[in-house]
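Shown next, in structure tokens, is the structure this report addresses.
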Amino acid sequence: MNFRSMVPVDVWRDLVDRGRRRTYPSNSVLLAQGESPDCVIALVDGLVKVVQSNESGDELTLTLRGPGEVLGEMGVLLGRPRSATVTAARRCTGIVLPAHAFRGYVERHRLETVIYQLTVERLNSHERLRADLAHLPPTGRVARVVSHLADEVGYPQGEAGLLVELGMPRTELATMAAMRRSSALVALGQLQSAGILTLGRRRLLITDMGHLRAVARGEELCGVKSSEDATPAM
């Protein structure tokens, strides 16, 4: 679910037509945590990473977002500083709309309910993820995170499966799963050994979504080779 999927085509087009198109190189910052919300960005191409920092400076990758998302909308509507940093996981194209123009756009198309529904769904999704991770074993944690990312940014590849572009090292999945990097890499290797997914460079191809969902629910992983054979290279 993203903003574009929740509004009519002409409403999305109105947003795109009213803004200024801008290209963001890989690793560049689109929005910074704590900054004043002076605009929103409608993502029309690319992949972004949403990261939140705590008072100690530790960073947690919250999720990935793809085309069709509107970034920074809640800060603009509530008049509050940005709650997270959004960076380009790979080259992105966005439509930048000033805060006052976006507020007018929302009012003109009566999108308050849509924004509310989208925000609640995102919060619920994040809370469900955190709650699930609290009781799952290591492989289940990684499966749950991969399942979450598949829902957010997965692209069907026909009979081949579902492609998830990470745009970041696989070790960052460990921070999302609240576990050590070495344990996350072993878990990824086990999922690959079981025929659930194939590991690529900053991407995953999910070949057995049903099995992945089952492991993400805490069910036993089937068809795993020895841990030595299952451990992927960095």
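Of the numbered criteria (1) in contact with a strand residue (DSSP E or B) (Cβ under 6 Å, 6 or more places away or on another chain); (2) in contact (Cβ under 8 Å) with a residue 60 or more places away in the chain, the one residue 157 fails is (2). Restricting to segment 151-173, count the residues that are part of a loop (DSSP other than H, G, I, E, B) and at positive phi. Residues in segment 151-173 being part of a loop (DSSP other than H, G, I, E, B) and at positive phi: 2 in total.
Within segment 214-229, residues that are more than 15 Å from residue 189 (Cβ to Cβ) and surrounded by 18 or more Cβ atoms within 10 Å (Cβ to Cβ) reach partners that are at pLDDT 90 or above and hydrophobic (A, V, I, L, M, F, W, C) with beta carbons closer than 7 Å, at six or more positions or on different chains, in the pairs 216/143.
Only one residue in 165, 219, 121 is of a type in the set (Asp, Glu), at pLDDT below 95 and farther than 26 Å from residue 2 by Cβ. Which one? Outline the logic, then answer.
Values: 165 fails: farther than 26 Å from residue 2 by Cβ; 121 fails: farther than 26 Å from residue 2 by Cβ.
After applying the criteria, what remains is 219.
Identify all residues within segment 86-101 that are within 23 Å of the chain's Cα centre (by Cα) and either in a strand (DSSP E or B) or crowded, with 18+ Cβ neighbours inside 10 Å (or both); write none if there are none. Before the answer, list the steps.
Taking segment 86-101 and keeping what is within 23 Å of the chain's Cα centre (by Cα), we get 86-97.
Residues satisfying the conditions are 86, 87, 88, 89, 90, 92, 93, 94, 95, 96, 97.
Scanning segment 99-117 turns up at least one residue that is within 22 Å of residue 51 (Cα to Cα) and without any contact (Cβ under 8 Å) to a residue 12 or more places away in the chain.
Against the condition surrounded by fewer than 21 Cβ atoms within 10 Å (Cβ to Cβ), modelled with pLDDT of 95 or more, more than 22 Å from residue 87 (Cβ to Cβ) and touching a Leu at 6+ places or on another chain (Cβ under 6 Å), how does residue 205 come out, does it pass? Yes. Is it fair to say residue 198 is part of a helix (DSSP H, G or I) and farther than 16 Å from residue 216 by Cβ? The answer is no for residue 198. Among the candidates 40, 11, 44, the residue that is buried (at least 16 other Cβ atoms within 10 Å of the Cβ), part of a helix (DSSP H, G or I) and at pLDDT 95 or above is uniquely 11. Here the condition is being under 30 Å from residue 43 (Cα atoms), modelled with pLDDT of 95 or more and out of contact with any Leu (no Cβ under 9 Å at 6 or more places or on another chain); of 213, 144, it holds for 213 alone.
For segment 122-150, give me the residue count where each residue is surrounded by 13 or more Cβ atoms within 10 Å (Cβ to Cβ) and part of a helix (DSSP H, G or I).
Total meeting the criteria: 19.
Pairs are defined by a Cβ separation below 7 Å, a sequence spacing of at least 6 or placement on different chains, a first member in segment 165-188 that is assigned by TED's automatic domain parsing to the domain that holds residue 203, and a second member that is at pLDDT below 90 and in a helix (DSSP H, G or I); the pairs so defined are 186/227; 186/230. Residue pairs whose Cβ atoms lie under 9 Å apart, sitting 6 or more positions apart in sequence or on different chains, and linking a residue in segment 125-151 that is in contact (Cβ under 8 Å) with a residue 40 or more places away in the chain to a partner that is of a type in the set (D, E, K, R) and crowded, with 22+ Cβ neighbours inside 10 Å, are 132/141; 132/144; 133/141; 133/144; 136/144. Among the residues making up segment 53-85, those that are among the β-branched types (Val, Ile, Thr), modelled with pLDDT of 90 or more and either in a strand (DSSP E or B) or not assigned by TED's automatic domain parsing to the domain that holds residue 31 (or both) are 63, 70, 85.
The values are calculated or read from the model by the stated rules, or taken from the named source; none is laboratory data. Being a predicted model, the structure only gives us computed values, none of them experimental. Ideal geometry is used to build each Cβ from the backbone, glycine not excepted, and the neighbour counts take in all protein chains shown.
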